[in-house]
Every structure is written in structure tokens, then in C-alpha cells.
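Colleague: Before I ask anything, let me first share the structure, which is written out below as C-alpha cells.
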Amino acid sequence: MKVKMRKILVFLVITILIITPVSAFASTNKKDIKVTFNKTNVKVNGVSFNDNRMLYNNKIYLPINSIAKLFNMNVYYYEKTKTTYIGQVPAGEVPKNVIDSWKNIKQTDKTTKEILISKDLANINATFNSGSIKIHGKKMNTNNILYNNNTFISLQEVCEILGTNCNYYEPTSTTYVGMIPQNEVPYDVYKKWFPYKKEKLQSKPATGEMAGWKKLIGHEYESIADIYYKLDGSILNVELKDIRKADLNKIVEWTNDDGIKIRNRVGDIYSLFRYSNQYTTKWFRNKFGKLYEDWILVSTIKAENIVSDYLQETGQIPKQDNITLTPDAEYETIEPEEEKISAEEVIRNIENHTKTQSEYKVKI
């Protein structure tokens with residue numbers, strides 16, 4: 001009996017010795033931290049990102065699946081090394097049979113919307129660095145934070161690894177990833193973020209219908225717009241052309257304020273967007289979402305500023321001096337008259353327009 005009891009005691013001691021270090025290590029990974037959820041804004045190429053956003057130690061963290069959606073990458077997890085791979089998997093790190101099994105894994109639906117965490121939440125208990133994260137094979141150095149079954153990772157470090165710009169504008173609490181709508185930040189701020197842009201700018205004679213103009217080469221918006229200019233003495237003319245290939249005949253469905261679903265051609269809706277102003281922007285965004293944001297993106301480019309900056313830097317026009325008024329100077333501010341169109345007027349215009357497009361209108 002004593003021998004049996006001794007064996008039981010030895011077994012218990014060994015079990016405790018094995019379990020205790022693991023438990024102690026696991027507990028060190030857990031922390032009570034102060035965070036902020038969904039109070040800061042994130043915009044990717046000018047489009048608002050509306051999934052969960054965590055602010056911790058002045059850094060923006062996003063869930064892994066959200067990062068994958070943003071940058072169009074797949075996510076895989078290798079249990080043996082507790083490593084999450086986002087994007088490409090380095091050769092030789094994972095056995096072929098495991099990689100083959102990943103082919104059957106269904107990736108997160110990119111259209112799925114997350115349930116947002118409450119903005120009022122300020123203190124959470126989170127697990128730090130429960131595994132490794134690799135972006136295109138490069139290991140992340142910043143902490144990853146596990147909370148509510150979601151692993152949050154640093155947006156800034158992801159952008160650095162992918163070679164994508166990531167800038168924070170404090171007055172609006174907005175982090176910009178990729179292309180930045182220039183009307184949202186002062187042009188001086190934009191130039192500080194991209195000091196190298198003006199160094200790469202060049203111009204060449206335009207052809208076709210723009211013959212006689214110069215085409216600006218090397219600007220940030222070349223994938224969506226062409227910028228042309230003509231300098232005649234002290235007179236500068238600038239033309240901005242949208243070069244995106246939109247399917248103007250594509251039918252889209254939207255719901256009016258009466259709850260009626262309406263179908264229109266993209267081209268017809270674009271013509272309605274011309275009524276956009278400070279009073280109607282919110283209404284258009286609510287009704288048409290990304291379609292409106294895509295349409296307005298090119299119009300936000302301050303082509304005149306980009307061209308003027310280029311011409312000044314290359315010595316083609318004199319640099320403008322900042323004029324300081326003396327205390328006794330008299331001046332008058334003349335505000336241009338601007339036609340103000342209310343949201344109600346725009347709605348009436350839309351309703352009148354859709355009546356004339358009955359072949360595209362379907363009531364449900």
C-alpha cells in the first residue's frame with residue numbers, strides 16, 4: 001500500500017512540475033490594457049474602412065482577417081509552429097502535405113461585415129503574442145493582441161512590410177493607407193508626407209485631342225487620372241481626366257427615401273452626382289456608398305496645386321511669396337457667389353430623372 005501511495009505522489013509531483021511552468025508562461029502573456037475601439041478613422045485609397053479598429057499605445061491594430069481583406073491576401077495557420085501566414089508562404093517552411101490541405105480551406109468572405117465592438121469599451125484582458133505572424137514570409141516585430149477570438153496586428157508595420165504608405169492626420173483622427181484624397185488634408189501636409197513625389201515629376205508633349213498641352217508624368221494618381229497643363233506666359237491652364245474604365249451600362253440598385261428599390265445605369269447615376277455639394281454629399285454616400293466614393297475620388301485631386309508645385313520646383317514659374325499684411329493695411333475679402341442646392345432639390349432631381357429612365361426602373 002505504501003509503495004502504491006509513493007507512486008501516486010511521484011506521479012502528482014511530476015505532473016505539477018510539468019504543468020506549472022506552462023501555466024506560469026501562459027499567464028505572463030495575458031495583460032489588462034487600456035484601448036480604444038472604433039473611434040479613429042481608417043481610409044484605404046480614399047475609401048472608409050468600417051471593420052473593428054483598436055487603438056493601443058498610439059498605434060492602430062486591425063484583425064488579421066481585415067488585413068487580408070484590405071490587401072487581398074489569403075490567411076493560413078500552421079499549428080506545429082503556431083504561425084499565421086498572411087499572403088505568400090516561404091518555400092520549405094511548411095510541409096507540402098500541409099500546404100496541399102490549405103487549398104481546401106475557405107477564405108473569409110471579403111464582403112462579410114464584422115460585428116463592431118462597442119466604442120465605450122476601454123479596458124480589456126488580452127493575450128499578447130500567442131503565435132507568430134508573417135506577412136509574405138517576413139515576421140512581424142510588433143505585438144499581436146488576441147482579444148474576443150480575433151488577433152489584432154499593427155496596421156503600420158503591415159504597410160511597411162508591403163511598401164505601402166501609411167500616414168496619420170491628427171485633426172480628423174484619420175489614418176490614410178495608399179492614395180489620399182487631397183481635399184481631406186492640407187496640401188502642405190500632403191507634401192510633407194510625400195516629399196519625394198515632386199522629384200520624380202516630369203512632363204512630355206501630349207498627343208491626340210490634347211495635342212499642344214503637356215502631360216505630367218510621375219504623379220501619385222497616374223493609375224486613375226491624367227493631368228495636362230498649358231503654360232501661356234503667366235496664364236496656366238490645367239486639365240484633369242478620369243482614365244478609369246467604368247462600365248457605364250452596368251445596372252445598379254439603390255433604395256430611395258420611400259423604401260422603393262430603383263435600378264439605374266451607372267452612367268445615369270454619375271450624371272446625378274454632378275449635383276453633389278456640401279449639402280448633399282452625406283445623402284449620396286448613404287444611398288450609393290462605394291459607387292459615389294469612387295466617382296468623387298478623381299474630383300478631389302488638386303491638379304492645379306500639383307502642376308504649380310512642379311513648375312515652381314523646375315523654375316518654369318516663379319515661386320510664390322507669402323505676403324504679410326502690415327497692421328494698417330486695408331483689404332476686402334470677396335466671396336464668390338455659389339449656387340446652393342439642398343438635399344431636397346437633389347432628391348427631386350433624382351426622382352424626375354428616374355421617371356425619364358423608366359426602362360431601367362423596377363419597383364419591388
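The values are calculated or read from the model by the stated rules, or taken from the named source; none is laboratory data. In this text, all values refer to a predicted model and were calculated from it rather than measured experimentally. Every residue, glycine as well, gets a Cβ built from its backbone with ideal geometry; the counts of neighbours run over all protein chains shown.
Colleague: Assuming D100 fulfils every condition listed in (1) in contact with a helix residue (DSSP H, G or I) (Cβ under 8 Å, 6 or more places away or on another chain); (2) of a type outside the set (V, I, T); (3) more than 26 Å from S48 (Cα to Cα) apart from one, which condition is it?
Modeller: (1)
Colleague: Being in contact (Cβ under 8 Å) with a residue 24 or more places away in the chain and touching a helix residue (DSSP H, G or I) at 6+ places or on another chain (Cβ under 7 Å) is the filter; apply it to segment 73-88 and report the residue that is farthest from I161 (Cα to Cα).
Modeller: Top of the filtered list is Y76.
Colleague: Every residue in segment 51-104 that is within 27 Å of the chain's Cα centre (by Cα) and of a type in the set (A, V, I, L, M), please.
Modeller: Result: M54, L55, I60, L62, I64, I67, A68, L70, M73, V75, I86, V89.
Colleague: So W254 ticks every box in (1) in a strand (DSSP E or B); (2) in contact with a Phe, Trp or Tyr (Cβ under 9 Å, 6 or more places away or on another chain); (3) within 30 Å of G315 (Cβ to Cβ) but one. Which box is left unticked?
Modeller: The single condition W254 does not satisfy is (3).
Colleague: Same structure, new question: Filter segment 210-255 down to residues that are of a type in the set (S, T, Y) and surrounded by 13 or more Cβ atoms within 10 Å (Cβ to Cβ), then give me how many there are. Break it down into steps so the answer makes sense when it comes.
Modeller: Applying the first criterion (of a type in the set (S, T, Y)) to segment 210-255 yields 221, 223, 228-229, 234, 255.
Going one step further and asking which of them are surrounded by 13 or more Cβ atoms within 10 Å (Cβ to Cβ), we end up with 221, 228-229.
Adding up the residues that qualify gives 3.
Colleague: Going by the conditions given, is T172 within 20 Å of A303 (Cα to Cα) and modelled with pLDDT of 90 or more?
Modeller: Working: within 20 Å of A303 (Cα to Cα): no; modelled with pLDDT of 90 or more: yes.
For T172, the condition - within 20 Å of A303 (Cα to Cα) and modelled with pLDDT of 90 or more - is not met.
Let's see how each residue does on (1) at pLDDT below 90; (2) surrounded by fewer than 14 Cβ atoms within 10 Å (Cβ to Cβ); (3) under 30 Å from K39 (Cα atoms):
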residue: I86; (1), (2), (3): no, no, yes
residue: N104; (1), (2), (3): yes, yes, no
residue: T108; (1), (2), (3): yes, no, yes
residue: I115; (1), (2), (3): yes, yes, yes
residue: A122; (1), (2), (3): yes, yes, yes
residue: N141; (1), (2), (3): no, yes, yes
residue: T151; (1), (2), (3): no, no, yes
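Colleague: Kindly provide the set of residues from segment 256-292 that are exposed (fewer than 12 other Cβ atoms within 10 Å of the Cβ) and touching a strand residue (DSSP E or B) at 6+ places or on another chain (Cβ under 7 Å), ordered by number.
Modeller: Selection gives K290 alone.
Colleague: Also: Within segment 124-143, which residues are under 16 Å from V75 (Cα atoms), of a type outside the set (D, E, K, R) and touching a residue at least 24 places away in the same chain (Cβ under 8 Å)?
Modeller: G131, S132, I133, I135, H136, G137 - these are the residues of segment 124-143 that are under 16 Å from V75 (Cα atoms), of a type outside the set (D, E, K, R) and touching a residue at least 24 places away in the same chain (Cβ under 8 Å).
Colleague: Within segment 263-275, is even one residue over 17 Å from S308 (Cα atoms), among the polar types (S, T, N, Q), out of contact with any Pro (no Cβ under 7 Å at 6 or more places or on another chain) and in a loop (DSSP other than H, G, I, E, B)?
Modeller: Of segment 263-275, the ones over 17 Å from S308 (Cα atoms) are 263-275.
Subset that is among the polar types (S, T, N, Q): 264, 271.
Remaining after also requiring out of contact with any Pro (no Cβ under 7 Å at 6 or more places or on another chain): 264, 271.
Then drop every residue that is not in a loop (DSSP other than H, G, I, E, B), which leaves none.
Scanning segment 263-275, I find no residue that is over 17 Å from S308 (Cα atoms), among the polar types (S, T, N, Q), out of contact with any Pro (no Cβ under 7 Å at 6 or more places or on another chain) and in a loop (DSSP other than H, G, I, E, B), so the answer is no.
Colleague: I've got another one for you. Exactly one of these conditions fails for K363: (1) at pLDDT 85 or above; (2) outside any helix (DSSP H, G or I). Give me its number.
Modeller: Among (1) at pLDDT 85 or above; (2) outside any helix (DSSP H, G or I), the lone unmet condition for K363 is (1).
Colleague: For segment 42-55, name all the residues that are within 24 Å of I224 (Cα to Cα), touching a Phe, Trp or Tyr at 6+ places or on another chain (Cβ under 9 Å) and part of a strand (DSSP E or B).
Modeller: Within segment 42-55, V42, K43, V44 meet the criteria.
Colleague: Right, something else. Among the charged types (D, E, K, R) and farther than 25 Å from Y56 by Cβ: is that true of D120 in this structure? Before the answer, list the steps.
Modeller: Values: among the charged types (D, E, K, R): yes; farther than 25 Å from Y56 by Cβ: no.
For D120, the condition - among the charged types (D, E, K, R) and farther than 25 Å from Y56 by Cβ - is not met.
Yes/no matrix, rows are residues, columns are (1) of a type in the set (G, A, S); (2) in a loop (DSSP other than H, G, I, E, B):
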residue	(1), (2)
Q156	no, no
T175	no, no
V189	no, no
P195	no, yes
H219	no, yes
D226	no, no
N237	no, no
A246	yes, yes
